[in-house]
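Student: Questions regarding the structure given below will be posed in turn.
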Amino acid sequence: MTTTRFAPSPTGWIHIGNLRAALFNYAIARQNGGTFILRIDDTDQERSKEEYVEGVKQDLTWLGLTWDRMERQSARIARYDAEKARLIAMGRVYECFETPVELDLKRKKLLNMGRPPVYDRAALSLSEAEKDRLRAERGSHWRFLLDRTRIEWNDGILGPISIDAASVSDPVIIKNDGQYLYSFASASTLSASGPKRS
């Protein structure tokens, strides 16, 4: 069965790009007798507002786009906590302690040397005592440890695509304030319930 979703972040009002995604996913689900989910991506607790959630629902209803069920990313925090613990145990995520200013200086230094601004993984060489000290002083964020190999896939529209993972930084998946970023929350949702067409 086909399942699609429209996943707006309730940090502002709906715009034409949102509506395009909603319309395509709604049409695919309805054409195939599938399920259309309205998934509110509200992991950004500081900026998410209920008035924007209500606005999205009203706008979709006005356009005649009805959803089969509504979900909230914020209701899955326990799932994300479990995935984080699993990835730590696998050695796939690691804790980092640089401030935004320190990261910006590292990026500028690499760019001035003519090199790509890739995070140097300095946090991986810290001792437990150093981590404890830094955690107490400034908190931490978490990054996903990429395999530094070439990644290849076939895009349904663009065709064969590849990227050298050594040319990009390990992505931040959890911010200093504990917020799970969209890329992590969405991937954890997929792993929990199987792939969705989007």
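The values are calculated or read from the model by the stated rules, or taken from the named source; none is laboratory data. The structure presented is a predicted model; accordingly, all values stated were derived computationally and were not measured. Positions of Cβ are generated from backbone atoms using ideal geometry, with glycine treated the same way; all protein chains shown enter the neighbour counts. Keep in mind that these areas ignore ligands, DNA and RNA; they rest on the heavy atoms of the full protein, side chains included. Shrake-Rupley method; radii C 1.70, N 1.55, O 1.52, S 1.80 Å.
Student: Every residue in region 129-179 that is part of a helix (DSSP H, G or I) and either surrounded by 11 or more Cβ atoms within 10 Å (Cβ to Cβ) or at pLDDT below 95 (or both), please.
Tutor: Step one: of region 129-179, the residues part of a helix (DSSP H, G or I) are 129-138, 165-167.
Correct list: Glu130, Lys131, Asp132, Arg133, Leu134, Arg135, Ala136, Glu137, Arg138, Ala165, Ala166, Ser167.
Student: Which residue, of Arg39, Arg76, Arg20, is part of a helix (DSSP H, G or I), touching a residue at least 40 places away in the same chain (Cβ under 8 Å), among the basic types (Lys, Arg) and out of contact with any Cys (no Cβ under 7 Å at 6 or more places or on another chain)?
Tutor: That would be Arg76, the only listed residue that is part of a helix (DSSP H, G or I), touching a residue at least 40 places away in the same chain (Cβ under 8 Å), among the basic types (Lys, Arg) and out of contact with any Cys (no Cβ under 7 Å at 6 or more places or on another chain).
Student: Quick test of your reading of the structure: Met70 fulfils all but one of (1) assigned to a helix (DSSP H, G or I); (2) closer than 30 Å to Glu50 by Cβ; (3) open to solvent by 60 Å² or more (accessible area, probe 1.4 Å); (4) not hydroxyl-bearing (Ser, Thr, Tyr). Name the failing condition by number.
Tutor: (1)
Student: Which condition from (1) in contact with a Ser or Thr (Cβ under 8 Å, 6 or more places away or on another chain); (2) surrounded by 12 or more Cβ atoms within 10 Å (Cβ to Cβ) is the one that Ile88 breaks?
Tutor: (1)
Student: Looking at (1) among the β-branched types (Val, Ile, Thr); (2) open to solvent by less than 60 Å² (accessible area, probe 1.4 Å); (3) at pLDDT 95 or above, can you tell me which one Thr99 breaks?
Tutor: Every listed condition holds for Thr99 apart from (3).
Student: Of the residues that make up region 35-46, is at least one at pLDDT 95 or above and farther than 29 Å from Lys175 by Cα?
Tutor: Scanning region 35-46 turns up at least one residue that is at pLDDT 95 or above and farther than 29 Å from Lys175 by Cα.
Student: Which residues, taken from region 115-128, are of a type outside the set (A, V, I, L, M) and open to solvent by 70 Å² or more (accessible area, probe 1.4 Å)?
Tutor: Selection gives Arg115, Pro116, Asp120, Ser125, Glu128.
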